[in-house]
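The values are calculated or read from the model by the stated rules, or taken from the named source; none is laboratory data. Just so we're clear, the structure is a prediction, and the values are computed from it rather than from any experiment. When we count neighbours, we look across all protein chains shown, and the Cβ atoms used for this are built from the backbone with ideal geometry, even at glycine. We work out accessible area using only protein heavy atoms, side chains counted, and drop any ligands, DNA or RNA first. Shrake-Rupley method; radii C 1.70, N 1.55, O 1.52, S 1.80 Å.
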Amino acid sequence: MKTTITGLHHITAISSDVRRNMRFFTSTLGLRFVKKSVNQDDTGTYHLYYGDYAGSPGTILTFFPWAGVPRGRPGSGQAYATAFSVPVGSLPYWQERFKQLKIDSLPIEKRFEDAVLTFFDPDGLRLELVATKETDPRLPTPSNDVPPENAIRGFHGTTLGLIDAAPTAAVLTGMMGYHLAGQSGHRSRYTIGSSGPGTYVDLLTDPALPRGLNGAGTIHHVAFRVPDDASQTAARAVIVKDGLSVSPVIDRAYFKSIYYREPGGVLFEIATDQPGFAIDEPVETLGTKLSLPPHLESHRAEIEAGLPAID
Ligand code: ZN
């Protein structure tokens, strides 16, 4: 038995400054602010979601902005880098933009067949733009700051830093249903379903990687997508049968979630495509109000009073 995962759903990271985080991901990168909500386990903290116009699964980078939280250390046992898909030929635009805006970036490298530009958000989060030669049918995210011919299309993939890739690869290719798509140096690439941008999981076993530490500028977890509740229930049964510890189904309002830690140390989630971000506000005005799940709605006044103003 394997799950019916179709690719990445969202990736969640940690930031130390909510306003700076919003400016960077909306103005600098041109993503849409899809949802302003709260961390359901810590309602004094925002949970911010950035993505494409409709908030489609596979485009959503989310943040817990914990004010002043110390920096973490990217490394092994973590999702080490998060890659976005951009059109072929757009990297010179981004290089120039990063230079003008004084954003740290690295020289363009070639990875498999694609050019890759690595850069860092204000908390030091390692991000990549992959100018992929593969077809990416997803629409560019409309933005006042980034022209559509250079705009981000959504995730390309995630890179997991690992001391030993074998146990993680076994989970990916076993119960999760991924298959090996390529190998280069310390990097093995896995894909699933229809493949292509938005599906890739790269396992990086560079011995020079330090042990990762959670904190600002690191990834908290990686979520994979399944179509609906039934496929999530089936996926959970597969994980239980394979002997990994997995959470109960948790209702996150915009999707339902289960969580488990893969053997390399990275926290994985499986999230449903349904019901999506338009369940409590129209697509046209996503992200413009504080959205609370129904069970927190009766506490709206005190929750809003405890959050910093960010508009
Ligand atoms: Zn999540």
ask   = Across the stretch 263-290, what is the total count of residues that are open to solvent by less than 20 Å² (accessible area, probe 1.4 Å), under 20 Å from the mean Cα position of the chain (by Cα) and either without any contact (Cβ under 8 Å) to a residue 12 or more places away in the chain or within 14 Å of the ligand (Cβ to nearest atom) (or both)?
value = 7
task = Check ALA169, ALA216, ALA165 and return the single one that is open to solvent by less than 40 Å² (accessible area, probe 1.4 Å) and under 30 Å from MET22 (Cβ atoms).
result = ALA216
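Residues are listed down the side, and each one gets a yes or a no for (1) more than 15 Å from the ligand (Cβ to nearest atom); (2) small (Gly, Ala, Ser); (3) open to solvent by 20 Å² or more (accessible area, probe 1.4 Å); (4) closer than 24 Å to ALA278 by Cβ:
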| residue | (1), (2), (3), (4) |
| --- | --- |
| THR191 | yes, no, no, no |
| GLY198 | yes, yes, no, yes |
| LEU203 | yes, no, no, no |
| SER247 | no, yes, yes, no |
| ASP251 | no, no, yes, yes |
| ILE258 | no, no, no, yes |
remark   = Taking the stretch 1-39 and keeping only residues that are open to solvent by 50 Å² or more (accessible area, probe 1.4 Å) and either in contact with a helix residue (DSSP H, G or I) (Cβ under 6 Å, 6 or more places away or on another chain) or within 14 Å of the ligand (Cβ to nearest atom) (or both), one is left with MET1, THR4
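Looking at the stretch 1-60, what strands (runs of 3 or more DSSP E) fall wholly within it and have at least 2 residues that are within 20 Å of GLY124 (Cα to Cα) and not polar (S, T, N, Q)? Even if it seems obvious, please write down each step before you answer.
Details: elements: 7-15, 32-39, 42-51.
Counting at least 2 such residues, we get 7-15, 42-51.
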note = Here, strands (runs of 3 or more DSSP E) confined to the stretch 87-163 with at least 3 residues that are within 19 Å of the chain's Cα centre (by Cα) and under 30 Å from ALA67 (Cβ atoms) are 114-120, 126-131, 155-161
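Based on this model, can you work out whether SER231 counts as at pLDDT 95 or above and open to solvent by 20 Å² or more (accessible area, probe 1.4 Å)? Break it down stepwise before answering.
Working: at pLDDT 95 or above: yes; open to solvent by 20 Å² or more (accessible area, probe 1.4 Å): no.
Spelling it out, it is not the case that SER231 is at pLDDT 95 or above and open to solvent by 20 Å² or more (accessible area, probe 1.4 Å).
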